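One structure is given here, and the rest of the page talks about it.
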Amino acid sequence: MENVSAGGFGASVPQIKGEWLKIGCLLGLQPEGGSNWVVGVIRRFQRESAQQGTVGIQTLGRAALPVQVRLQSGQMGTSQDSEAAILLNPIDSAPEAQLLLRANVLVAGQNLELERNGKVYLLLPVGGTEHGDDYDLIRCRQMIRDRGE
């Protein structure tokens, strides 16, 4: 790793095999000696040779957690089926949550429901969604839901 900053870092890639490494690609990285996973997205990519290159990686989350969410729409209610997601920031300490979902799972007008640490959160998508080949990055305003609803 090189050029480390609060928002990301640069890295040399000594052996590139295939064409999977490209701008917009999600990466999961575990810092040496760490137990957490960092999620990043490639924002810059320069191929120095057929087998070697450098990448600029924007950090999306420093303590990513796998979670299950349920889709919710006004007319259909809350789905009983859950969808795998990656929570990028601690939900208990921020006014907004950021999630990674499989591409095209969330439809306009739908919200998400997440149960975590004994609380149920209603997640209301805000702003634009960033799309990758196989993922959507979603920002949500969060509300703690009363279990009696």
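Values in this text are rule-based calculations from the coordinates and carry no lab data. Owing to the predicted nature of the structure, the values given are computational and were not obtained by experimental measurement. Here the Cβ positions follow ideal geometry from the backbone for every residue, glycine too, while neighbour counts run over all protein chains shown.
Restricting the calculation to Cα atoms, the stretch 2-61 yields a radius of gyration followed by a Dmax of 11.5, 33 Å.
Rounded to the nearest 20 debye, the dipole size of the chain about its Cα centre is 160 debye, using +1 on the Cβ of Lys and Arg and -1 on the Cβ of Asp and Glu. Taking the Cα centre of the stretch 2-61 as reference, the dipole from Cβ charges on Lys and Arg (+1) and Asp and Glu (-1) amounts to some 200 debye.
Note on the chain: dipole from Cβ charges, positive end direction compared against Gln15, Ala103, Gln46; the farthest Cα belongs to Gln46.
Normalising the Debye intensity of the stretch 51-149 to I(0), with uniform scatterers on Cα atoms only, and taking log10 at q = 0.10, 0.22 Å⁻¹ returns -0.28, -1.24. Taking Lys and Arg as +1 and Asp and Glu as -1, the other residues whose beta-carbon sits under 12 Å from that of Ser79 total -2.
Could you line up Glu130, Glu32, Glu48 from fewest to most neighbouring Cβ atoms inside 10 Å?
Glu32, Glu48, Glu130
Highest mean packing comes first when the peptides 89-97, 106-114, 13-21 are listed by Cβ atoms within 10 Å, giving 106-114, 89-97, 13-21. Only Lys, Arg, Asp and Glu carry charge here, each on its Cβ (+1 for the first two, -1 for the last two); on that basis the stretch 65-120 has a dipole of about 40 debye about its Cα centre.
Taking other Cβ atoms within 10 Å as a rough exposure proxy, Cys140, Cys25 sort from fewest to most as Cys25, Cys140.
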